[in-house]
Structures are given as structure tokens and as C-alpha cells.
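Okay, structure first, notes after.
The values are calculated or read from the model by the stated rules, or taken from the named source; none is laboratory data. Keep in mind that what you see is a predicted model, and the values were worked out from it rather than measured. Here the Cβ positions follow ideal geometry from the backbone for every residue, glycine too, while neighbour counts run over all protein chains shown. Protein only, heavy atoms only, side chains kept; ligands, DNA and RNA dropped before computing areas. Shrake-Rupley method; radii C 1.70, N 1.55, O 1.52, S 1.80 Å.
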Amino acid sequence: MKAPITVSVTGAAGQIGYALLTRIASGSMFGLDQPVNLRLIEIEPAMGALEGTVMELDDCAFPLLNEIVPTCDLNEGFRDSNWALLVGSVPRKAGMERNDLLGINGKIFTGQGQAIAANAASGVRTLVVGNPCNTNCLIAMNNAAGLPKDQFFAMTRLDENRAKSQLAAKAGVHSSDVTNLCIWGNHSATQYPDFTNTRIKGQVVTDVILDREWLEGEFISTVQQRGAAIIKARGASSAASAANGVVDTVRSLTTPTPEGDWTSVAVCSDGSYGIPEGLIASMPIRSDGKTWEVVQGVVLDEFSRAKVDASVAELASEREAVADLIPS
Ligand code: NAD
Ligand code: LMR
């Protein structure tokens, strides 16, 4: 049996936590031969609810679940962590944009970044889900002194999955037939789901879906607004699909990317594609299962370039808005 991986999850008593923890503990995230320790972090008022979640995890008797530590202490919660999944934060309500949450949620990520740096295992990887996730990730990364910046990620995989599902429905194919789909920029209403480089059964999308007006209009806005549409319909933000996005993101970073394909995750920009260094921006990524790289040479036509630039400009303005949370 392999040694257990330790996974810390913040906001463990919340809706995403509820959908995510069973996926981790059952082996969906790290494989059916990989035991896991769960360190479940909550704020004090939610510790009672977390106790209930822990009881349910116990009642699943998962063969791969080695240990559960519920805590509201960040040092204990991130101790020896190999993966820090930062979910805990307030979700938006109908009528809000995700970056309206910056003032409420941003400060959570200073202490968490510091606690990860002080307590986690070497090589810890951090995935931020709590919104606005790109800029919260920027805050955590810049407060995690000494940790490499290439081990911080923010989630745009849910957007990629949404975009694939929309294209597949339009083309009358299965979503698994859609490849090379990159979400560029921010997990926000400015994100750009790049259909121009996407393929369906190996063919460029624009040769399969001839309705360019739909691609440039309804397709993009449906993906950009999907989170809001779910909040309107459910009265609560996405949870099962968000948890699934977390599982997919971690799997994509811990297993080799299929030949010729790429995946979307927001990473610390190295200046590729003219995206200012240091911003946490979504771009096309390939992984060998251990390390990752930005796919170079993806052609951005004039339409795409303008969309990427608009989303990156929003990220730059979010960075300015949280300058006081980023140590110089
Ligand atoms: P929720 O309100 O159901 O749960 C959030 C949990 O976080 C609560 O249990 C709360 O007690 C806890 N929490 C709050 N502050 C905390 C802190 N400082 N430390 C630890 N825990 C804390 O919300 P949810 O539906 O689970 O959503 C969580 C976040 O994920 C929201 O910000 C939401 O907008 C975001 N989200 C992101 C994506 C994405 O694609 N990136 C998708 C869906 C949701
Ligand atoms: C989503 O995309 O579903 C989440 O970011 C929640 C939201 O506020 O839209």
C-alpha cells in the first residue's frame, strides 16, 4: 500500500465541501490505490456542521480514507499537507459579480497562505476555489513566503467543462469528443472560452459548427454567465459540478495530459501570451503528472486577442484593489 497523501480542505462543511470530500475519500481524485488523510478546516461557528460531515465520512467506511482531522486551527489544518484545496469563503448571491466578494473573502487568503508556508509538506500544491478565485490565489501565493509560485493554481476547469458541454450539445457529439479547449483569463464574466483553437473529433470547431454568430455570441456568454444562471435556478451556487471541477483539476495536474491536448487552469503568469508576470491567469496547460508547462504557440486571432486582453485587464485591476493584502 502507498503512503497516504494528506489533503487539506477549507470550507469543508460547506456545499462544495459536502460534494468534494466523498470524491477524494473514494479514490476519484488520486486513484484507487492511494490512501488519503483529510484535514478539514472550518471557522468556529461551522464546527458543529463539520462534525456531521465527518460522521457521514465515517459512515461511508471508505477503504482509502486513513485519517480525518476536523479543525478550526490553520496550523493544524495545513500540517504536512500535500494538497491544500482552498474552498472556504462566502459565495456570491444573485445580482453580484464574483469580484464583489473581494472585500469579504480576500483577507481569508493572507493567513491561509502564511499557514500553508509554515506547516505544509515540501512540494505542497494549492488550488484556490473560493471566489474571486484568481485574485484570492494571488493573495495566498504572495503570502506564502518561500513556496514556489508554480505550485499555486486557481480553478477554471469548471468553465472548461461547461464550455465543452455547450459545444458538444450544439454539434450533437459527446463532450469527450471536444478537446483543446482553453479558458483564458479570469474566472469571471470576462473569461474567454477560446473556440477558435478547440477541436471536435480532431476537427477545428469552426469547421464543425458553422454558426459563427452563435460561437462569438451566445456560446461565450452562456459560459461566462453559467455560474449566475445556476445561482438563479438553484438559489445557491454550483456545488456538485464545482467539486467535480476540483477533482478534474487535481487529476489533470497529477496525470499526464493526453497527447496533443491541453487543459485550463489559472497559474502564475511567466509573461507568456503577453499576460503580465505574476497575475494568476487561466491559460492552456500540459502536465507530465509531476510538473506542468504553459502550451506555447497557440494562435490568438484578433477576436481572441481582444477577449484575452479584456479579461487580463480585469485581473490587473483586481490586483490593484487588493494591493494592501500583498506583501511587497
Ligand atoms: P458555502 O457557503 O456552502 O460553504 C463555504 C464554507 O466556507 C462554509 O462552511 C463556511 O463556514 C466556510 N468558511 C468561510 N470562511 C472560512 C474561513 N476563513 N476558513 C475556512 N472556512 C471558511 O459555499 P460553497 O458553495 O461551498 O462555495 C465556496 C466558494 O467556492 C465560494 O466562494 C464560491 O463562490 C466558490 N466557487 C468557486 C467555483 C469556481 O469555479 N472557482 C465554483 C463554485 C463555487
Ligand atoms: C460558478 O462559476 O459556478 C462559481 O464561481 C459560483 C459563482 O458565483 O458563479
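For (1) within 10 Å of ligand 1 (Cβ to nearest atom); (2) under 27 Å from Ala229 (Cα atoms), each residue gets a yes or a no:
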residue: Val54; (1), (2): no, no
residue: Cys60; (1), (2): no, no
residue: Leu74; (1), (2): yes, no
residue: Phe78; (1), (2): no, no
residue: Ala94; (1), (2): no, yes
residue: Asn99; (1), (2): no, yes
residue: Ile104; (1), (2): yes, yes
residue: Asn142; (1), (2): no, no
residue: Ala145; (1), (2): no, no
TODO: Tell me, please, whether a residue that is without any contact (Cβ under 8 Å) to a residue 40 or more places away in the chain and either in contact with a strand residue (DSSP E or B) (Cβ under 7 Å, 6 or more places away or on another chain) or open to solvent by less than 10 Å² (accessible area, probe 1.4 Å) (or both) can be found in the range 150-161.
DONE: yes
- [ ] Give the residues of the range 154-186 that are part of a helix (DSSP H, G or I) and either more than 16 Å from ligand 2 (Cβ to nearest atom) or modelled with pLDDT under 95 (or both), sorted by residue number.
- [x] Leu167, Ala168, Ala169, Lys170, Ala171, Ser175, Ser176, Asp177
Open item on the list: I'd like to check something: does the range 249-269 contain any residue that is touching a His at 6+ places or on another chain (Cβ under 9 Å) and crowded, with 18+ Cβ neighbours inside 10 Å?
Closed with: yes
TODO: Output yes when any residue across the range 142-153 is aliphatic (A, V, I, L, M) and within 18 Å of Val246 (Cα to Cα), and no when none is.
DONE: no
Open item on the list: at pLDDT 95 or above, over 22 Å from Asp150 (Cα atoms) and out of contact with any Lys or Arg (no Cβ under 7 Å at 6 or more places or on another chain): which single residue out of Ala243, Ala229, Ala266 fits that description?
Closed with: Ala229
Open item on the list: If I filter the range 62-72 for residues that are at pLDDT 95 or above, aromatic (Phe, Trp, Tyr) and not in a loop (DSSP other than H, G, I, E, B), do I get at least one hit?
Closed with: no
Task: Residues located in the range 233-248, provided they are assigned to a helix (DSSP H, G or I), in contact (Cβ under 8 Å) with a residue 40 or more places away in the chain, open to solvent by 20 Å² or more (accessible area, probe 1.4 Å) and of a type outside the set (Ser, Thr, Tyr) - done: Ala240, Asn244, Asp248
